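The next block holds one structure in the form of structure tokens; read it before the comments.
The values are calculated or read from the model by the stated rules, or taken from the named source; none is laboratory data. It should be emphasised that the depicted structure is a prediction, and the values quoted were computed from it without experimental measurement. Every residue, glycine among them, receives a Cβ derived from its backbone with ideal geometry; neighbour counts consider all protein chains shown.
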Amino acid sequence: MLSIQQGLRKEGVEVALAKLCRWFGVSRRTIYYRPVKAAPKVRAERAEPVKAPIEQEPSFGYRTVAWLLGMNKNTVQRLFQLKGWQVRKRPIGQRPRIEALPSVAKAPDERWSTDQCRIWAGRDGWLTLALVMGCHTRQLLGWHLSRSAKSKTAEAALEQALISRLGSLGRVREPFLLRSDNGLVFTSRSYTALVRSYGLKQEFITPHCPQQNGMVERLIRTLKEQCVHRHRFETQQHASRVIGDWVAFYNHRRPHQALGMKTPAQAYALAA
């Protein structure tokens, strides 16, 4: 209403607010009302414990911080909002999707998922990181970082996963699925022969549909956001040391929302 009055005044017409309110059927009380509610205040003794894990891991959301501190998640979320600590979400667009075959499993060692990504390591240039994870517990079972982008990198990650789960290399007692994309590494003769020799069964996603291998794709994003993008690796040895520390943190200390805020290691212990 005030903006209308100012606009009329610029045109040389002076109209009282009372008259404008009668014309538009608006109560004058709404025009003159000024909110008296004070801005919310945050006590330092409540904010400091929440701020500490955020400074250590800026990508943590309020659910993870609440679980780590043993606090109510609604209280932590409110502190995030008042302090401006919320992690900005990526914009989500609408794209046509085909019917996907989700990479889920109802029990441990029913389906594993594998994929590769690239990491910059300063003097050593681009490195290839191969990962193998269990689809039931989201546990990162094996990984290998190498200058080579050939099948040997993925094979080393798979063998590390078998050793960490079975204790030694050999044929598994009951065959289970190993999901991957259709890259040259995973369809090569060397890799497929190795998978068969250990008694695993390969399954491939539909070409150009990475969402069908969504679990390991999401794991790679988490790895990059919480580890790789927060460091400037100088060598392959430096990258291996930092990534190894993060893998141990991910498996044994980082709570997972899809697992009921349990760590992957806790979820496997309960399901085994």
Selection from the stretch 170-221 of residues surrounded by fewer than 16 Cβ atoms within 10 Å (Cβ to Cβ) and of a type in the set (Val, Ile, Thr) yields Val172, Thr187, Thr192, Thr206
**Item:** Boolean, Arg241 is part of a helix (DSSP H, G or I), of a type in the set (Lys, Arg) and more than 17 Å from Gly134 (Cβ to Cβ)
**Value:** yes
Lys150 meets each of (1) more than 22 Å from Asn213 (Cα to Cα); (2) over 26 Å from the mean Cα position of the chain (by Cα) with one exception, condition (1)
All conditions in (1) part of a helix (DSSP H, G or I); (2) at pLDDT 90 or above; (3) surrounded by fewer than 17 Cβ atoms within 10 Å (Cβ to Cβ); (4) among the small types (Gly, Ala, Ser) are true of Ala258 except (2)
Counting only helices (runs of 4 or more DSSP H) wholly inside the stretch 1-80, the ones holding at least 3 residues that are surrounded by 14 or more Cβ atoms within 10 Å (Cβ to Cβ) and at pLDDT 85 or above are 44-56, 62-69
Within the stretch 121-169, the residues that are surrounded by fewer than 17 Cβ atoms within 10 Å (Cβ to Cβ), aliphatic (A, V, I, L, M) and within 30 Å of Met261 (Cβ to Cβ) are Ile163, Leu166
